[in-house]
1. Mind listing the phi-derived Karplus ³J(HN,Hα) values for the range 415-422, rounded to whole Hz, using 6.51, -1.76 and 1.60 with θ = phi - 60°, and x for any glycine or proline?
2. Just how far, in whole angstrom, is the range 310-389 from the range 160-187 if you go by their alpha carbon centroids?
3. Over the chain, with every protein chain in place, what whole percent of the accessible area is carbon and sulfur at 1.4 Å, could you tell me?
4. LYS31 to ILE170: extension gain in nm, 0.36 nm per residue of separation minus the Cα-Cα distance?
5. If a/c stays under 1.5 just call it rounded; otherwise compare a/b with b/c (prolate if a/b is bigger, oblate if not). Do that for the range 29-157, with a ≥ b ≥ c from the square roots of the Cα gyration tensor eigenvalues.
6. Determine ³J(HN,Hα), in whole Hz, for all residues of the range 308-320 in sequence, where each value follows from phi through the Karplus function 6.51 cos²θ - 1.76 cosθ + 1.60 and θ = phi - 60°; x replaces Gly and Pro.
7. With charges set only on the Cβ (+1 for Lys and Arg, -1 for Asp and Glu), what does the dipole of the range 236-303 come to about its Cα centre, in debye to the nearest 20?
8. Pop a pseudo-label 7 angstrom from the Cα along the beta-carbon direction at both TYR76 and GLN296 and give the gap in nm to one decimal.
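The values are calculated or read from the model by the stated rules, or taken from the named source; none is laboratory data. These numbers were taken from a predicted model, which means no experiment stands behind them. So basically every Cβ, Gly included, is an ideal-geometry build from the backbone, and we count neighbours across all protein chains shown. Note: accessible area is taken over every heavy atom of the protein model, side chains too, but ligands, DNA and RNA are not part of it. Shrake-Rupley method; radii C 1.70, N 1.55, O 1.52, S 1.80 Å.
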Amino acid sequence: MNLAGKDKKHIIHPWSNLGSDAESMIIESGKGVHVFDSEGNKFLDSISGMWCVNLGYGNEEMAQAIADQCVKLAYYTPFGAMTSPPSIQLATELSALTPGDLNCFQFTNSGSTAVESAIRFVHYYFNCLGQPEKKHIIYRENAYHGSTYLAASLNGKRCDRSYFDYVTDIVHATSDPNPFKRPQGMSIEDFCDLRVNELRDKILEIGPDKVACFIAEPIMGSGGVIVPPPGYHKKTLDVCREYDVLYISDEVVTAFGRLGHYFASEEVFGIVPDIITVAKGISSGYQPLGAAIFSQKLVDRISGDSASENSYYTNGFTYSGHPVTCAAALKYLEIMKRDKLTDHVLEVGPYFMERLKTLKELSVVGDVRGHCLMACVECVVSDNEDENIAVAQRVDEFCQEKGLIVRPYENLCILSPPLIIEKKHADQIVDILRDSIASTMDEMGYS
């Protein structure tokens, strides 16, 4: 049995169709912005694996830092009063980069566990303050926040809702802030106010004494790279402050350079949330690592002299603050600073977006949106959404034939290339995508 056959027999893949007989594409190696499959085919990876391989593949400095830490200390328990130097150093360095007073870290294994930990902290926090009724969580349609039980219950993408069970009693969805889908004739400003008022109405409907937090991606990622109207995040934060609702900014995708800054909440959107969740780019995908980052003000209210009796914080993971993963993150931060990676993103990102927007010349391209190296091309072949669903998958297949990997979701072609791409790579991505969309149009009879 070949590798593909063994994979099919033994591995259950995330977000895979268990009824499909299709074999997996086996990615065997990578270098720079390219990956190679088991048959030797070369692809420009325009999705960074999964939003995360910011430095590209085969970075020897990253590999050496990981190897050195493995030899020095591969692991030790983080529970109770135990720790290791890399986690302390990483938290210290990150605290100099985070907005406001967000300088308390709980390290996790992934973005899902970072979100799960953030929500559990919020519940713990209000319980400690004697407000046990504040349990309810507000999220948004087309959001993605993870695949653990509670985090998955906050996902607003319709394709993520399947035969699994979800928390239903304390989670509530509001509409996503996608300007492309606003009512015809409505201004961007009025649309922004519509969505902000919807959040306010939802809090009042549930009861401010029961709503614990609002969670939002600065730019909604896998749900379609939805960039909110100007001022949206500031206004939603103001609503949360008014009703004592904590604001969680899910920066699993947007942090560590993708939008040209270490963190996007303050630098791009002008807000200082109560909690930030991160993962993916924190280690450039070279090791699995996430974190929930809390405001010092929140932590001070429930710790030290303010701590409740027997206030044990019984949440965490065997691999929280793993010394090897933290060493990888430290090396990535060192390379980011030395190579001025955020400056590079701020130079090549606008060029990438400018080139992508030329695709609107194609009749089926309804919208091109994004910011820096986070983008989406939305194809609209029909007013019937069901007829649009298969478009991006077919575009991706044509792209792969031409040596490019994009991320298809229904009628959306989602792009998040490594942060090291050059303008020539941006040109290549757009040229192949243009040809592939045109081929899809021809095949579907829309040319």
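1. Result, rounded to whole Hz: 10, 7, x, x, 5, 8, 4, 9.
2. 21
3. Details: 10090 of 20040 Å².
That fraction is 50 percent.
4. On the way: separation 139, 0.36 × 139 = 50.04 nm, distance 4.50 nm.
Residue separation times 0.36 nm, minus the Cα-Cα distance, leaves 45.5 nm.
5. Since a/c reaches 1.5 but b/c is at least a/b, the shape of the range 29-157 is classed as oblate.
6. Per-residue couplings from phi come out as 6, 4, 6, 8, 6, 8, 8, 9, x, 9, 3, 9, 4 Hz.
7. Working: 5 positive and 9 negative charges, 54 e Å.
About 260 debye.
8. 2.7
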